Amino acid sequence: VIVLGSVAVQWLLCRFAASAWWIPDCPWVAVVLVVSGWPRHWLLPVIVAGWLTMSWSVAAPVAVLTWYLMGGASLSVSAAVVDVTDERVQVLAAGVGELVWLFVQCWIQEARVGPLYGWMALHIALTMAAVPVLRRLLLWLHLLPDVWSPPEARRIAGA
Amino acid sequence: VLAALIGAACMVHEPLRTGALAILRAPFRLVVSVIHVGLTLPQLPGLARENARLRTALSRRSLELAQTRETLRRTTQAEALLATASQAPGVVASVIGRSPIPTQHTIWLDRGTRDGLQLDGLVVDAHGVVGRLIDVHPSTSLAMLITDPNSRVAGLVERSRESGLLSGEGHAVCRLSYLGADADMAEGDRIVTAGVGGVFPKGLLLGTVLTVARDDAAGSAEARVRPAARLGRLEEVLCLPPA
């Protein structure tokens with residue numbers, strides 16, 4: 001539900017925006033949040049997001065799905081080492097993932113011009129900023145696990 | 001003496017009158033204001049209602065004006081599109097989606113093979129070339145914009161007939177390359193399709209030169225070109241068969 005919703009929102013926003021650079025990568029943010037919440041069940045949301053994004057891809061569509069699979073798997077493995085439910089970790093994961101993804105895309109398409117790096121920086125910043133927004137929205141909708149309450153609440157619950 | 005007195009009176013008359021009027025103006029205005037307030041006070045409840053009614057009417061007129069402007073804009077757009085359509089057979093398609101991948105500039109159209117669209121078909125709007133069809137399904141199709149990094153179109157400087165290759169860069173501006181260092185090209189020149197390659201017919205407007213960079217050492221020049229089509233605000237486009 002979360003991934004499908006994010007893809008729908010992404011498509012809608014892109015339809016009415018002048019450029020996709022202005023729109024945060026909602027499917028990737030959704031994948032980060034979902035895999036962080038359920039690290040063992042990473043495959044299905046990753047495939048759904050990757051496949052739906054792949055349908056748009058003109059250059060190397062398989063690379064899109066591969067990227068999503070690698071990103072999801074990396075996050076799932078990281079869950080054993082770091083606290084991926086920490087918001088800062090999620091923001092970082094979204095930013096690093098988007099950075100790598102955009103560089104791969106530019107490399108595949110041989111697009112290496114100055115203004116593009118500025119757009120990339122903007123897009124990554126927007127994607128990172130979307131994490132806390134989407135996270136709070138999903139928590140408010142009770143679509144994420146309880147362990148995602150703020151740290152203070154978790155401490156109180158633990159006590 | 002009399003003449004001197006009359007002359008002096010004439011000289012001081014105007015300043016005196018101005019001074020007198022300035023002094024009298026204040027009390028007269030006060031009296032008039034009091035009378036006005038006395039007359040207006042009984043009408044206040046009605047005025048408030050009248051004011052509210054006028055505000056509502058104004059809001060309604062503003063809305064109607066906005067709707068009329070939008071209708072006018074759409075009509076102008078449709079007329080321009082029809083003018084283009086009348087010159088060549090084609091299919092008008094609505095843009096129903098845009099690629100969410102920022103480095104890939106594609107749009108999704110609501111027409112497909114059932115409507116006569118063909119692979120490599122040309123997509124234009126009233127202002128110029130938008131791109132070409134790269135994937136055609138029965139009822140939908142995918143068009144690659146000229147700003148996509150994979151897009152390549154043979155272009156021609158309309159004024160000097162210098163030819164080059166227009167390629168997308170993944171953002172709002174394209175690049176015209178493979179030009180000689182002494183190419184006759186300047187800011188503001190219009191770039192049109194060269195008609196080479198079998199997809200785009202000759203003479204369609206691609207864009208306008210923003211800047212020209214010359215490299216005398218390499219003997220080449222490049223130009224940044226702003227697309228003529230309003231690629232960020234596409235609503236309806238005309239799909240033409242490939243040349």
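The values are calculated or read from the model by the stated rules, or taken from the named source; none is laboratory data. Source: prediction; values computed, not measured. Don't worry about glycine lacking a Cβ; one is built from the backbone with ideal geometry, like all the others, and counts go over all protein chains shown. Please note that ligands, DNA and RNA were not included when accessible areas were found on the heavy atoms of the full protein model with its side chains. Shrake-Rupley method; radii C 1.70, N 1.55, O 1.52, S 1.80 Å.
Pick from B:Thr193, B:Thr208, B:Thr140: which is touching a residue at least 60 places away in the same chain (Cβ under 8 Å), out of contact with any His (no Cβ under 8 Å at 6 or more places or on another chain) and over 20 Å from B:Thr103 (Cβ atoms)?
B:Thr193 is the lone residue from the list that is touching a residue at least 60 places away in the same chain (Cβ under 8 Å), out of contact with any His (no Cβ under 8 Å at 6 or more places or on another chain) and over 20 Å from B:Thr103 (Cβ atoms).
Just one of (1) buried (at least 20 other Cβ atoms within 10 Å of the Cβ); (2) facing chain A (nearest Cβ under 8 Å); (3) in a strand (DSSP E or B) trips up B:Gly170, so point out which.
(3)
Going through region B:173-190 one residue at a time, which ones are more than 28 Å from A:Trp21 (Cα to Cα) and either surrounded by fewer than 15 Cβ atoms within 10 Å (Cβ to Cβ) or in contact (Cβ under 8 Å) with a residue 40 or more places away in the chain (or both)?
Result: B:Tyr178, B:Leu179, B:Gly180, B:Ala181, B:Asp182, B:Asp184, B:Ala186.
Mind checking whether some residue in region B:63-80 is among the small types (Gly, Ala, Ser), farther than 30 Å from B:Val237 by Cβ, open to solvent by less than 100 Å² (accessible area, probe 1.4 Å) and at pLDDT 70 or above?
Initially, region B:63-80 is screened for residues among the small types (Gly, Ala, Ser), giving B:66, B:78, B:80.
Now restrict to residues that are farther than 30 Å from B:Val237 by Cβ: none.
No, that holds for no residue.
Looking only at residues that are outside any helix (DSSP H, G or I) and more than 9 Å from chain B (Cβ to nearest Cβ) in region A:26-60, which one is surrounded by the fewest Cβ atoms within 10 Å (Cβ to Cβ)?
Going through the qualifying residues, I end up with A:Ser55.
Going by the conditions given, is B:Leu133 open to solvent by less than 30 Å² (accessible area, probe 1.4 Å) and under 27 Å from A:Ile23 (Cβ atoms)?
Answer is yes for this residue.
Restricting to region A:106-125, count the residues that are open to solvent by 50 Å² or more (accessible area, probe 1.4 Å) and either within 10 Å of another protein chain (Cβ to nearest Cβ) or farther than 17 Å from A:Ala94 by Cα (or both).
Total meeting the criteria: 9.
Restricting the search to region A:14-25, which residues are within 8 Å of chain B (Cβ to nearest Cβ) and assigned to a helix (DSSP H, G or I)?
A:Cys14, A:Arg15, A:Ala20, A:Trp21
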